[in-house]
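The values are calculated or read from the model by the stated rules, or taken from the named source; none is laboratory data. Just so it is clear, the model here is predicted, and its values are computed rather than measured. Here the Cβ positions follow ideal geometry from the backbone for every residue, glycine too, while neighbour counts run over all protein chains shown. Side chains are part of the model used for accessible areas, which takes the heavy atoms of the whole protein and leaves out ligands, DNA and RNA. Shrake-Rupley method; radii C 1.70, N 1.55, O 1.52, S 1.80 Å.
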Amino acid sequence: MWLGGEPVAAQTDAWFDVLAPADGTVLAQVPRAGREDVDAAVTVARQGFFTWSGQAPAAREAVLLKAAELMAGEGGARFLDTLIDESGSVIAKARNEIRYSVDLLRTAAGECRRLYGDTFPNDNPERLSMVFREPLGVVGVVSPYNAPLSLLVKMTAFPLAAGNAVVIKPSEETPLTALAFGQLLLDAGLPPQALSVLTGFGGECGAPLSGHPGLDCIALTGSTHTGIAVGKAAMEHMRRCQLELGGKSALLVLADADPEEAAAIAADGIFTHAGQICMANSRIVVEAPVFRDFTAALVRRAEALHLGDLRDENSRYGPLINRAALDKALAQVADAVARGATLLTGGEALHGLTMKPTVVEAPPLDCALWREETFAPVVSVVSAENLDEAIELANDSAYGLSAAVLTHHLQRGLAAARRLRSGAVHIGMHAFQSNALAPIGGLGLSGLGRSGGRYSTEEFTELKWISVEAPA
Ligand code: NAD
């Protein structure tokens, strides 16, 4: 792993296996970092912060642009196999992640020159008031497995752009992608002390990092359960935290939507990467007049998905990340069906950790399948009498990450979007949308804060008021 830019083992010399979800092959062994490694990384990062934040905006911009250039070229191509093997991505999804990572790095590079300040009037004309925007210091970055490259790039590039140093703790499922990204940043010229990548487990490494007194901010993308623990630790030190957590996103299909077209969009929004997407539209609410036609079309699409080899260009998705993830999804479906839902298709594993695309009609509204994150290729479909009921059903969730409305009636779509309780609402699209400039983030159990473009800059900087007594 990387400690201040140096390749090191864990101080205890413990290691763990990285497994391929597709066939259980051991891909590599990586260091199993613990509290003492976290201490060392935070100490180094404090020095790295002074070096990096002292560089001119143009110098920081040049490093991030170089990283983008490397990612867009041969350097990026090297991530393809790692993403496929380590995270079970199909090749198309792995390519998209690399492309989006280039975009994120370029966007973050642009932010280096945009640490704008402000001035404001003072009643005393001899006093000047200025507002400076300053980096926070050392940012801990704890990332998930589902988009192990693009999410890590996003969580790292924007804090770096603002002048912070970072200590990264990637998911224990996908450390190889993170180690390769660390290498790429060092190759791009990032001062070594500004970067550490500690490979390890949540309890042993993520928890000591998020509770470390030497940190100025902790950024987590992960489950709500982890987010609550990380948020509590941040509050004990009264420091910034940015939490991008789980979701149970709703997609509304309004009565004027074309059922075939809507089913194609909805299927993309739930089955991409086997539903292991925080914004996946795992709940679909359909206005009654199109319910039957839409549901039939969705089932046809689910059953027609090609689930071949991960390197097959036509494969739509691969395995879930591990056995626990598959068991959880199967149990949620079985519970909903036992309590009266109708299983329209799927509901079982196809082979290994790959789950059949699953469509469940009318689950009880208090069951885990409807209320909790499933993070698998499983979608629930319910019928609503009218738009009011559809919105009520969609909003009846503790999460609020993303939502979508399928209609050709723009005013109805906009009216629905204004009433949906969600960090984002997409009209004419599914709920899984990314944009490097967008303020991505959620309400309720979906997290705190926003990331992307200038919104990340706001998250990873602090404002300082400086005033001067300056008699004329
Ligand atoms: P997870 O919460 O299990 O793990 C995320 C990271 O937190 C890992 O690096 C893990 O090691 C670490 N961790 C675990 N326990 C910890 C602790 N006590 N203290 C500190 N760190 C700890 O999540 P996951 O299973 O890797 O990822 C899937 C989850 O991430 C889903 O809930 C998904 O919705 C969410 N997610 C959210 C977004 C978003 O933008 N809102 C994006 C992607 C994924």
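Numbers at a glance
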| read-out | value |
| --- | --- |
| Selection from the range 58-75 of residues that are loosely packed, with under 15 Cβ neighbours inside 10 Å and in a helix (DSSP H, G or I) | Ala58, Ala59, Glu74 |
| Residue ID - most open to solvent (accessible area, probe 1.4 Å), chosen from residues in the range 416-427 that are more than 16 Å from the ligand (Cβ to nearest atom) and free of Cβ contacts under 8 Å to residues at least 24 places away in the same chain | Arg418 |
| Complete set of residues in the range 89-113 that are β-branched (Val, Ile, Thr) and more than 25 Å from Leu19 (Cβ to Cβ) | Val102, Thr107 |
| One residue from Ser89, Ser101 being closer than 27 Å to Glu462 by Cα and crowded, with 22+ Cβ neighbours inside 10 Å | Ser101 |
| So Glu373, is it acidic (Asp, Glu), open to solvent by 10 Å² or more (accessible area, probe 1.4 Å) and within 21 Å of Leu445 (Cα to Cα) | yes |
| Breaking point among (1) in a helix (DSSP H, G or I); (2) polar (S, T, N, Q); (3) more than 10 Å from the ligand (Cβ to nearest atom), for Thr226 | (3) |
| Filter result for Asn164 (modelled with pLDDT under 95, in contact with a strand residue (DSSP E or B) (Cβ under 9 Å, 6 or more places away or on another chain) and either open to solvent by 10 Å² or more (accessible area, probe 1.4 Å) or in the same structural domain as Asp17 (by TED's automatic domain parsing) (or both)) | no |
| Filter pass, Ala234 being over 18 Å from the mean Cα position of the chain (by Cα) and within 13 Å of the ligand (Cβ to nearest atom) | yes |
| Residues of the range 440-463 classified as touching a residue at least 12 places away in the same chain (Cβ under 8 Å), within 22 Å of Asp118 (Cα to Cα) and more than 11 Å from the ligand (Cβ to nearest atom), total | 10 |
| Residues satisfying the stated conditions in the range 251-288, i.e. part of a loop (DSSP other than H, G, I, E, B) and charged (D, E, K, R) | Asp256, Asp258 |
| Criterion: crowded, with 16+ Cβ neighbours inside 10 Å, touching a residue at least 24 places away in the same chain (Cβ under 8 Å) and closer than 23 Å to Leu254 by Cβ - qualifying residue of Leu353, Leu307, Leu344, Leu320 | Leu344 |
| Residue under evaluation Lys328, criteria (1) open to solvent by less than 60 Å² (accessible area, probe 1.4 Å); (2) under 27 Å from the mean Cα position of the chain (by Cα), criterion not met | (1) |
| Residue match in the range 277-284 (condition: surrounded by 16 or more Cβ atoms within 10 Å (Cβ to Cβ) and more than 26 Å from the chain's Cα centre (by Cα)) | no |
| Scan of the range 193-220 for residues that are open to solvent by less than 20 Å² (accessible area, probe 1.4 Å), near the ligand (Cβ under 9 Å from one of its atoms) and outside any helix (DSSP H, G or I), ordered by number | Gly200, Ile218, Leu220 |
| Index of the failed condition, Leu443 passing every other in (1) over 26 Å from the mean Cα position of the chain (by Cα); (2) surrounded by fewer than 22 Cβ atoms within 10 Å (Cβ to Cβ) | (1) |
| Residue within the range 133-150 that is open to solvent by 30 Å² or more (accessible area, probe 1.4 Å), within 16 Å of the ligand (Cβ to nearest atom) and assigned to a helix (DSSP H, G or I) present | no |
| Test: residue in the range 386-398 that is part of a loop (DSSP other than H, G, I, E, B) and either touching a His at 6+ places or on another chain (Cβ under 7 Å) or within 16 Å of the ligand (Cβ to nearest atom) (or both) | yes |
| Any chance Val337 is assigned to a helix (DSSP H, G or I), closer than 20 Å to Lys248 by Cα, out of contact with any Ser or Thr (no Cβ under 7 Å at 6 or more places or on another chain) and without any contact (Cβ under 8 Å) to a residue 60 or more places away in the chain | yes |
| Hits in the range 29-54 - residues which are open to solvent by 60 Å² or more (accessible area, probe 1.4 Å) and either farther than 16 Å from Pro7 by Cα or part of a helix (DSSP H, G or I) (or both) | Arg35, Glu36, Asp39, Thr43, Arg46, Gln47, Phe50, Thr51, Gly54 |
| Conditions (1) within 15 Å of the ligand (Cβ to nearest atom); (2) of a type in the set (Ser, Thr, Tyr); (3) open to solvent by less than 10 Å² (accessible area, probe 1.4 Å): number failed by Ser434 | (3) |
| Single unsatisfied condition, Leu186 versus (1) under 24 Å from Ser101 (Cβ atoms); (2) surrounded by fewer than 24 Cβ atoms within 10 Å (Cβ to Cβ); (3) within 7 Å of the ligand (Cβ to nearest atom) | (3) |
